[in-house]
Amino acid sequence: MAFVTANWNPLGEAFYRKIELYEMGWNLKDGLRECLVAAAPYGGPIALLKGRIRRSPSARPQLEIYSSSGLPLASFPWKSGVVKQLGWTVTDDLLCVQEDGTVLVYDLFGGFKRHFSMGNEVSQSQVLDTKIFHSPYGTGVAILTGALRFTLATNIDDIKLRRLPEVPGLQGASSCWAVLTQDRQCKVLVANESQLFILDNTACTPVTPPGLSPEASSIVHICVSFSYKYLALITDSGHVWMGTSNLKEKLSEVDTKIKTPPKQMAWCRRPKSQQPSAVVMWDGLLLVVGESKETIKYHLDDESILVPELDGVRIISGTHHELLQEVPGACEEIFKIASMAPGALLLEAHKEYEKESQKADEYLREIKEQSLLSEAVRQCVEAAGHEHEPETQKTLLRAASFGKCFLSNFPPEQFVSMCRDLRVLNAVRDYTVGIPLTHTQFKQMTLQVLIDRLVYRKLYPLAIEVCRYLKTPEYLGVSRVLKHWACFKVQQKEESDEVIAKAVSVKLADAAGISYSEIATKAYESGRTELAIKLLEFEPRSGEQVPLLLKMKKSPLALSKAIESGDTDLVYTVVMYLKNELNRGDFFMMLRNQPVALSLYRQFCKHQEQDTLKDLFNQDDDHEELGNFYVKASYKEKRLEARIALLQSAVDEYYKAKNEFSAKATEDEMRLLRFQRKLEEEKGEPLVGFPLHETMTMLLSVGLHKHAEQLYKDFRVPDKRFWWLKLKALAEKEDWEELEKFAKSKKSPIGYLPFVEVCIKRHNKFEAKKYVSKVTPEQKVKAHLAVGDVEGAAEAAIERRSESEISTVLSRCSSTTDHLLMERLNRAKATAAKK
Amino acid sequence: MAQTERRDAPELPDFSLLKRLARDQLIFLLEQLPGKKDLFIDADLMSPLDRIANVTILKQHEVDKLYKVELKPIVSSSDQLCFLIRPRIQTVKWISELVNSDKTAGRFRRYKIIFTPQKFYACETVLEEQGVYGDVTTDEWNFYILPLDDDILSLELPEFFRDNFLEGDQRWVTTGGSALNLLQSVYGSFSKIYGIGRCAKMVYESWRELMEQGEQRTRQPEFAKVFLIDRDVDFVTPLCSQVVYEGLVDDIFRIKCGSVEFGPDVTSSDKSIKVMLNSQDKVFNEIRNEHFSNVFGFLSQKAKNLQTAYDKRRGMDIQQMKAFVADELKGLKQEHRLLSLHIGASESMMKKKTKQDFQELLKTEHSLLEGFEIRECITCIEEHINRQVSMIESLRLLCLLSITENGLLSKDYRSLKAQYLQSYGIEHLLTFANLKQLGLLEEQQAGETLTVMESKVGKLVNDKTAGKLTDAFSSLAKKSNFRALSKKLTLVPKSGEEYDLRVPRDMAYIFSGAYIPLSCKLIEQVLERDGWTGLEEVSRMLNGQEFAVTGGSSSSEARTKTDAQRIVLVMFLGGCTFSEISALRFLGKERGCRFIVLTTAITNSARLLEAFLDNHP
């Protein structure tokens, strides 16, 4: 414990410390010399390209990928073009920018994923310099071409190339530059001798850092802080200028007195830093510069690189991996020599308590008197988070726990979550995993991303453990990891389909929210169609299976799955796909076996493609439907000839369907149409298209009785119908003479009551009366009443001795006028009732 | 007798919430197209839309002019066109043509299509095929349910019936599922689900899937039981003439989206009046479920009461008069207005319905239901066709005959069909083909000798015994389902007994005591038995597909007899009639529970049969 401050160095108000993270596990003969190195931030992987400078034409450079602790992840000889720059994306993919502007993308294990080009202009003028940067929009690539122009892509997953304006007077690559994100735009800051320019989409603006010492004749290095908020420059006079990246404010300027240009420079800040500071590296020397005139000097034994982080700088050399950072506030408070901060006292108190010394109480009392105990606990917990050594962490947490005992309502969340976080962090910092995350970085990157990182490294068991330990909701945590695992599993070529399918289903069985179709897609993409089909079987939502099945050209299966899903839109998608994919015959055949799909397609055809509908029926030999189809078509057709032709087709189809009734009916219709046309031509009456009944009515109403008769005979119209029809038509015309003739022509099949009623309806009592006598006895009463002849009705009713009829008549009598009649009726009613 | 509510009747959930949800979403969608715009609305969406958001609200959200979609070229000077439509191919095609003609004319406009209740892939395909996919934006207005009344919810999808049952196009199934899901998410989960029919089953499946995808909510349910029923389970009921007031109004004046337009003959003035028919209308609320024969008496009593209320004015001092004018007069005036309207309507209906024809029609119907005097019925129908009384009515009787008799004899079938074609034209060949497809109007197949034998026996023996014989035979026969069902569930009360329509004894009162609607009887039986046990034979005769599932919320099991347990949601797939709703209201009163009807649309015999006509005006 006493050694905690051993590696602390003061600079101005603050302290800086350099912690060793790992002793590198790799075995590099020449260290990092002559290597192209790229290390991903947040403790990500390290890529090395060795042997770039060819010693013999046959020697190829070697690309190697290591974890942060130097454990090899991949290694392969580089066979493509000359690499200018390596870099990592936010999703742990390796970018290799070639001289010709082609960018190759590899995964963590050296598997080639894809490549893309930075445009013609770049490939023509070649790449001079490249920077790979991260912004809220993803990972970007910026290129300075041989033509001294900048080309930029903000997000490599959605490439939109931008060519930035020309920089006046820029000559050669000796100048330095940096990418920064400002006002939701990526800009390039470029120095040309002592001039500084900001390039954005439209303009090249000259800028001057406020208060830059005039001794400098040129800027030799620029670096932007991790958050893009700050900017540091170093000039050929050895001055380091630090300020805000909008160049509005100067924070400090320090003279390093070293005139050689540095190899690398990086910001060394953390959120809530006490002072701005940068790390500048030369051969064998590392300098921390801050606000004061003093600097911290570290000696470097070996070729190293700096990796800027959110809260410090990592230094990677051929043998070691270190973290240089400003000592966080809480740690400083507690461990600073002779500190009287509450946290420091609490730590002391706990130490004494362990020694079973009464001094513990004294210390505690001192804190409590100032009522700073909860502050003390908080400090200890926070400091524990910033400490790298588990031992130190434990000591601090124990002290915090001890202090908590004397507090009644101290919220436990901070303590508990810190314990959990540290457990996870210690696990991933482990040498075998090699992700040296600080607590600040962890909080910034979130657990989700950490799990992704673990998954990219195929550390599935660890990822699942972490999820379970931190109680992440299943669909966000364990299920996601399992899905990735399964996607990886299905790509393992050496195992058989059955084994893999079984393994996957067993592992994933009870995990919530697993999409088997996604896994199956992976299987298909790696060329294992059979496995994909097997996996799809596990997918409970049949709708999800369809798109992949289609992609795999398993159309019948896709169609039946779509139908199974009950989602007609999906069925429709498949049907439309099949329609374009298959030839007509096969397409129809397939529909034939799937009634649901067939009726859907029919619905569509009805509105869009009438002819296809016909073909469909034809294919099925569905003559009945074909007949119906033609009938329907016929009454949409205006021209008579065409109409009759369509009906003829319908007749043929009906005969084929052995539906004689419909065939005959249709033939009748054709006959009727011809008849109507003939008559229309002769008499000029518009008749075509009306039903038989209407036609006859019309003929009768214009007095063409003979023609009506002809139809009556030709179409075997039932007598009753004809009588009703003629009766109505004549009455309508008030052709009473003809009506009488008609009544006498032969015995009416509908009786004569309708005659009476029809006349009354036309208010012709006189004519009505003519027919009353002809009415059958049963209807006599009604007939008499209809013409208003109460007495006649009474007569008939009495004769018929029907009680109900007598009552009907009675109800129509008025007591004033038909007094006598009523008496008679009542009497008759009585007798009828007796009987 | 006015049907008063039982005092212990459970409270119904507040369905106005559904309207508010729909309105908010619509406004949100309209705001997605900022600035002035013209709105084109599908004709059949006009009335439902009016219930949700009136013109003022639309104007507030920058709708400039409103047009009805007529599938014709448009005259609009607006630069932004918004279409609020059902997802139909013709409409989308029309819009595509519009966009294309604007394009050729070099006119630039913004187009937005809002599909309701959802969009279909087929519609998007049309946009794509017509090459306008990129020119229009599409959206969905998830307006699934329109509350027509306190206890009637409607999807307002009349085409559901034809699409689903006749064309075999199941795309509306998901809509049904979504509607249930919506109800569940707003009003809590259901504890028990019953159903019968293929479509019912599919709707249930689709809903279950939605439920599994969505988050589980365990809140106090507002109704616990659901019954899903396909329209094709029971075609007889909607084919019968309605004689309960509300049904009769629908049959004669056609209630549209909960409102009806009374013509000059009703209003006794020269203009038509649109009236909302729901429980807010106090007069209507009291007579809606009454048999028509009681309505007049009730109305005249009401008129007398009203008069007395008015008469109170006499002998009032100034103070009382002031109070009267302030408190009562407005209510009385309102009631007066409504009363005179309903009296007018009743008179007009009376004129139409007491005619000889109607009486005979009813008699024929009842004979068909009972299975007596079939020959006479056929003659009657024949005359009906020959005299061209009404295209739809004739068809209705034919279907009723066929269903109750399990198909027509070949000879009858052909002759009736031929006559019908002579009356109404050859294109009805298609209508007949459609009716045959759904089994509404069929020819008995040779070999079905039993029914042939029946009719022969029927000629020899007098009709009543023949009826009994039919019953005996039908239990043997494979398909004679209506008779057997009727017997099994005693749908047709014994004839000869007097039925006092003033004091209804069972649900048969809605058909003058002649027939208990099969659909409602099924619901009654299943609820009583809490499942299908004991009804195996019935469900077999109805082609099976029945189910009873206990829902997700098992916690609600414990709270038996809460209000929610006594509210039953009945979903009719393919429409239901007002008579059925009246019957369910009656049943609810008897059983001390309440029914909420969720239907794809309100139907009646005419609407049902019109769905079978092919492109007929």
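At-a-glance table
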read-out: Among (1) crowded, with 20+ Cβ neighbours inside 10 Å; (2) out of contact with any helix residue (DSSP H, G or I) (no Cβ under 7 Å at 6 or more places or on another chain) - the single one A:Cys331 does not satisfy; value: (2)
read-out: Check on A:Phe661, within 14 Å of chain B (Cβ to nearest Cβ), of a type outside the set (Lys, Arg) and touching a Lys or Arg at 6+ places or on another chain (Cβ under 6 Å); value: yes
read-out: Filtered residues of the stretch A:640-667 (kept if touching a residue at least 12 places away in the same chain (Cβ under 8 Å) and among the hydrophobic types (A, V, I, L, M, F, W, C)); value: A:Leu640, A:Ile644, A:Leu646, A:Leu647, A:Ala650, A:Val651, A:Ala657, A:Ala663
read-out: Candidates B:Leu339, B:Leu306, filtered to the one that is under 20 Å from B:Pro264 (Cα atoms) and touching a helix residue (DSSP H, G or I) at 6+ places or on another chain (Cβ under 9 Å); value: B:Leu339
read-out: Conditions (1) away from chain B (no Cβ under 14 Å); (2) within 30 Å of A:Phe604 (Cα to Cα); number of the one not met by A:Val478; value: (2)
read-out: Among residues of the stretch A:34-89, those that are part of a strand (DSSP E or B) and either touching a helix residue (DSSP H, G or I) at 6+ places or on another chain (Cβ under 8 Å) or of a type in the set (Asp, Glu) (or both), counted; value: 1
read-out: Scope the stretch B:264-300; condition closer than 27 Å to B:Ile152 by Cβ, without any contact (Cβ under 8 Å) to a residue 24 or more places away in the chain and among the polar types (S, T, N, Q); matching residues; value: B:Ser272, B:Gln280, B:Asn285
read-out: Test: residue in the stretch B:251-274 that is under 21 Å from the mean Cα position of the chain (by Cα), basic (Lys, Arg) and on the phi > 0 side of the Ramachandran plot; value: yes
read-out: Of residues in the stretch B:146-170 being within 14 Å of B:Phe612 (Cβ to Cβ) and either of a type outside the set (A, V, I, L, M, F, W, C) or at the interface with chain A (Cβ under 10 Å from one of its Cβ atoms) (or both), the one surrounded by the most Cβ atoms within 10 Å (Cβ to Cβ); value: B:Asn164
read-out: The listed residue being away from every other protein chain (no Cβ under 14 Å), touching a helix residue (DSSP H, G or I) at 6+ places or on another chain (Cβ under 7 Å), within 27 Å of B:Gln130 (Cα to Cα) and buried (at least 19 other Cβ atoms within 10 Å of the Cβ), out of A:Leu578, A:Leu616, A:Leu570, A:Leu559; value: A:Leu559
read-out: Sole exception among (1) in contact with a Gly (Cβ under 8 Å, 6 or more places away or on another chain); (2) free of Cβ contacts under 8 Å to residues at least 40 places away in the same chain for A:Gln275, by number; value: (2)
read-out: Residue check for B:Gly439: surrounded by fewer than 19 Cβ atoms within 10 Å (Cβ to Cβ) and under 29 Å from the mean Cα position of the chain (by Cα); value: yes
read-out: Members of the stretch B:126-143 found to be surrounded by 19 or more Cβ atoms within 10 Å (Cβ to Cβ) and free of Cβ contacts under 8 Å to residues at least 40 places away in the same chain, listed by number; value: B:Val126, B:Leu127, B:Val132
read-out: Criterion: over 30 Å from A:Arg453 (Cα atoms) and part of a strand (DSSP E or B) - qualifying residue of A:Leu189, A:Leu152; value: A:Leu189
read-out: Residue match in the stretch B:403-421 (condition: more than 30 Å from A:Ser662 (Cβ to Cβ), away from every other protein chain (no Cβ under 14 Å), assigned to a helix (DSSP H, G or I) and of a type in the set (A, V, I, L, M)); value: no
read-out: All helices (runs of 4 or more DSSP H) inside the stretch B:183-298 with 1 or more residues being touching a His at 6+ places or on another chain (Cβ under 7 Å) and away from chain A (no Cβ under 14 Å); value: B:282-287
read-out: Odd one out for B:Glu382 among (1) more than 27 Å from B:Pro517 (Cβ to Cβ); (2) acidic (Asp, Glu); (3) away from chain A (no Cβ under 14 Å); value: (3)
read-out: Contacts under 9 angstrom Cβ, first residue in the stretch A:590-601 being away from chain B (no Cβ under 11 Å) and more than 9 Å from A:Leu559 (Cβ to Cβ), partner at pLDDT below 80 and not in a helix (DSSP H, G or I), 6 or more apart; value: A:Arg592/A:Asp620
read-out: Members of the stretch A:53-69 that are at pLDDT below 70 and in contact with a Lys or Arg (Cβ under 9 Å, 6 or more places away or on another chain); value: A:Arg54
read-out: Which numbered condition B:Asn386 fails, given (1) surrounded by fewer than 20 Cβ atoms within 10 Å (Cβ to Cβ); (2) in contact with a helix residue (DSSP H, G or I) (Cβ under 9 Å, 6 or more places away or on another chain); value: (1)
read-out: Residue that is crowded, with 20+ Cβ neighbours inside 10 Å and either at pLDDT 80 or above or not polar (S, T, N, Q) (or both), where the choices are A:Lys502, A:Lys483, A:Lys471; value: A:Lys483
read-out: Count of residues meeting criterion [within 14 Å of another protein chain (Cβ to nearest Cβ), under 27 Å from B:Lys417 (Cα atoms), free of Cβ contacts under 8 Å to residues at least 40 places away in the same chain and of a type outside the set (D, E, K, R)] in the stretch A:702-744; value: 11
read-out: All positions within the stretch A:664-698 that are away from every other protein chain (no Cβ under 13 Å) and among the small types (Gly, Ala, Ser); value: A:Gly684
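The values are calculated or read from the model by the stated rules, or taken from the named source; none is laboratory data. For clarity, every value in this text was computed on a predicted model and none was experimentally measured. Glycine also receives a Cβ, built like all others from the backbone with ideal geometry; neighbour counts cover every protein chain displayed.
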